[in-house]
Structures are given as C-alpha cells and as structure tokens.
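Visitor: Quick one: structure below, then a few questions.
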Amino acid sequence: MGPVLLVVDYSSRKFRSVNELRSWSRRGSVLEYLGERMGEELLSRRRRVAESIPDRRGYLHSSVPGPDLGFDTQSRAVTYLPAYMRYREGRMYRGLPWPVIAGCRDLDVVFVSPLYGIARHLELIRCYDIALPTARRAFGPGDVWGDFIVKAVASYAVSRGADVVYDLASEKLRRAFLAGLRRTVMGRGVKYVRERLGSSFSEVSVNIRSKIAYLARRYCSA
C-alpha cells in the first residue's frame with residue numbers, strides 16, 4: 001500500500017526563524033523521486049521564475065543564487081526551512097499536526113508554488129514573496145510553468161507509489177497551474193479525488209485545514 005498524496009496551496013504568509021539552515025540539500029525533496037530529466041527541468045523553471053518574475057514590490061529578490069532554484073552557487077544570504085514549517089503560519093495550515101505528518105509514511109504532501117512549482121512538505125525552501133498576480137500581466141509564473149506542474153505531480157505520485165491523489169488546491173491555484181490534473185493523474189493509473197472547498201477564502205481555508213487534519217488522524221495514528 002502506497003501513501004496518500006495531498007496537493008495543496010503554498011502560503012503567501014511565510015514563517016521566519018533565527019535557526020534557519022544555511023545550506024540546501026535534496027534530501028526530503030521531490031527531486032529524490034522525479035526522474036533526472038524532469039528534476040533538472042523543475043530546477044531550470046524555478047530559476048527562470050526567480051530571474052524573470054518580480055516580487056510584489058517589483059524586485060527580483062528570489063534570484064539570489066541557491067541550488068534550490070537550479071543555481072550552481074549558494075549565497076550566504078539565503079537560508080532554508082522545510083516547506084511545512086515555512087508555510088505553517090498561513091490560515092490554511094495553522095494548528096495542524098505538522099510534526100506528526102512529517103514523520104508519517106502513509107501521508108505525503110506537495111505544495112504548489114509560483115516559485116518552486118511543486119515542493120514536498122519536507123523540502124527545504126527559502127523565504128520568498130512571489131505570488132499569483134491579482135491583475136492580468138503580460139508575463140507571469142504561469143507562462144514559465146505551463147503544464148509542467150501537472151506532469152510533475154503525476155510523475156511524483158507514480159514514483160511514490162501513491163494510492164490516491166487528493167486535490168485540495170484552491171480554484172485560483174488550479175486555474176493558474178493545475179488544469180488537466182485529474183486527466184493526467186488518472187491517465188497514469190492513480191486514483192484522483194477532488195474535494196469541494198467552498199467559494200470564499202475563509203471557507204476554503206477552514207475546509208482545507210479540516211481535511212488535512214482528518215487525513216492525518218486517519219493515516220498517521222500510532
């Protein structure tokens with residue numbers, strides 16, 4: 001029996017710690033499970049986003065070099081936390097049993113992100129400010145990612161031997177990055193479940209948090 005894979009939103013609110021790591025490792029990342037070609041393509045697209053899409057203040061702060069984004073060098077200005085720790089301040093994820101999920105073999109989580117594409121919950125990520133555009137732009141993260149994120153999620157699910165993919169992504173994120181996810185995942189022989197999350201941000205946040213908590217109790221109990 002393989003793990004249950006949750007596909008969820010990144011959080012625009014990021015947690016910072018005085019004890020962040022100053023070096024990056026592939027350990028615990030999606031790159032451990034994607035094939036070499038797809039892994040290199042993921043890093044290449046991360047770097048393209050970092051070098052071409054400004055943050056919400058108009059700066060390219062995410063272009064500071066680091067191997068997490070496909071650069072060959074590591075800037076001392078970049079520090080890292082596991083994705084679940086970085087995003088835990090978000091309204092969707094506060095109060096969830098992340099330490100339990102982090103040690104659970106039967107439940108896996110990938111965050112869909114404008115900068116990282118997909119990042120596993122244990123993957124080391126930096127603090128960044130690239131977000132989905134609120135108004136139409138000539139060029140944005142979706143232009144870099146195209147349908148790659150959908151393909152990467154499906155490949156990751158197959159590589160992990162996932163029994164089912166629970167799509168808990170918001171409608172905004174699905175429109176930006178995940179069109180065709182159901183067809184692609186099921187085409188690879190993996191069961192796909194899309195949850196109804198509601199319409200308002202508050203309702204979506206509550207429903208996502210409740211669903212993750214339920215699945216953690218179900219699959220991560222001692």
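The values are calculated or read from the model by the stated rules, or taken from the named source; none is laboratory data. Because the structure is a prediction, the values reported are computed rather than measured. Cβ placement follows ideal geometry from the backbone for every residue including glycine, while neighbour counts extend to all protein chains displayed.
Residues are listed down the side, and each one gets a yes or a no for (1) of a type in the set (Gly, Ala, Ser); (2) under 13 Å from the mean Cα position of the chain (by Cα); (3) farther than 27 Å from Leu21 by Cα:
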residue: Ser113; (1), (2), (3): yes, yes, no
residue: Ala119; (1), (2), (3): yes, yes, no
residue: Val144; (1), (2), (3): no, no, yes
residue: Tyr156; (1), (2), (3): no, yes, no
residue: Val164; (1), (2), (3): no, no, yes
residue: Gly180; (1), (2), (3): yes, no, yes
residue: Arg183; (1), (2), (3): no, no, yes
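Visitor: When you go through Ser52, Ser23 one by one, which is the residue that is surrounded by 14 or more Cβ atoms within 10 Å (Cβ to Cβ) and among the hydroxyl-bearing types (Ser, Thr, Tyr)?
Guide: Ser52
Visitor: On to the next question. Any residue in region 180-201 that is within 22 Å of Ile212 (Cβ to Cβ) sitting within a Cβ distance under 8 Å of a residue that is part of a loop (DSSP other than H, G, I, E, B) and basic (Lys, Arg)? List the pairs, counting only those 6 or more apart or interchain.
Guide: Close Cβ pairs (under 8 Å, with a partner that is part of a loop (DSSP other than H, G, I, E, B) and basic (Lys, Arg)) amount to Phe201/Arg91.
Yes or no, residue by residue, for (1) assigned to a strand (DSSP E or B); (2) polar (S, T, N, Q); (3) over 28 Å from Met1 (Cα atoms); (4) at pLDDT 85 or above:
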{"residue": "Arg136", "(1), (2), (3), (4)": "no, no, yes, no"}
{"residue": "Ala152", "(1), (2), (3), (4)": "no, no, no, yes"}
{"residue": "Tyr156", "(1), (2), (3), (4)": "no, no, no, yes"}
{"residue": "Val165", "(1), (2), (3), (4)": "yes, no, no, yes"}
{"residue": "Leu173", "(1), (2), (3), (4)": "no, no, yes, yes"}
{"residue": "Tyr192", "(1), (2), (3), (4)": "yes, no, no, yes"}
{"residue": "Glu203", "(1), (2), (3), (4)": "no, no, yes, yes"}
{"residue": "Asn207", "(1), (2), (3), (4)": "no, yes, no, yes"}
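Visitor: Let me ask something additional. Restricting the search to region 79-89, which residues are crowded, with 19+ Cβ neighbours inside 10 Å and in a loop (DSSP other than H, G, I, E, B)? Break it down into steps so the answer makes sense when it comes.
Guide: To start, the set of residues in region 79-89 that are crowded, with 19+ Cβ neighbours inside 10 Å comprises 79-88.
Scanning region 79-89 gives Thr79, Tyr87, Arg88.
Visitor: Can you report the number of residues in region 175-222 which are crowded, with 18+ Cβ neighbours inside 10 Å and not hydrophobic (A, V, I, L, M, F, W, C)?
Guide: So the answer is 4.
Visitor: Sticking with this structure for a sec: Looking at Tyr93, is it part of a loop (DSSP other than H, G, I, E, B) and within 14 Å of the chain's Cα centre (by Cα)?
Guide: yes
Visitor: Another question, if that's okay. For region 97-107, state whether one or more residues are surrounded by 16 or more Cβ atoms within 10 Å (Cβ to Cβ) and in a strand (DSSP E or B).
Guide: yes
Visitor: Exactly one condition in (1) part of a loop (DSSP other than H, G, I, E, B); (2) within 26 Å of Leu107 (Cα to Cα); (3) touching a helix residue (DSSP H, G or I) at 6+ places or on another chain (Cβ under 9 Å) is false for Pro54; which is it?
Guide: (2)
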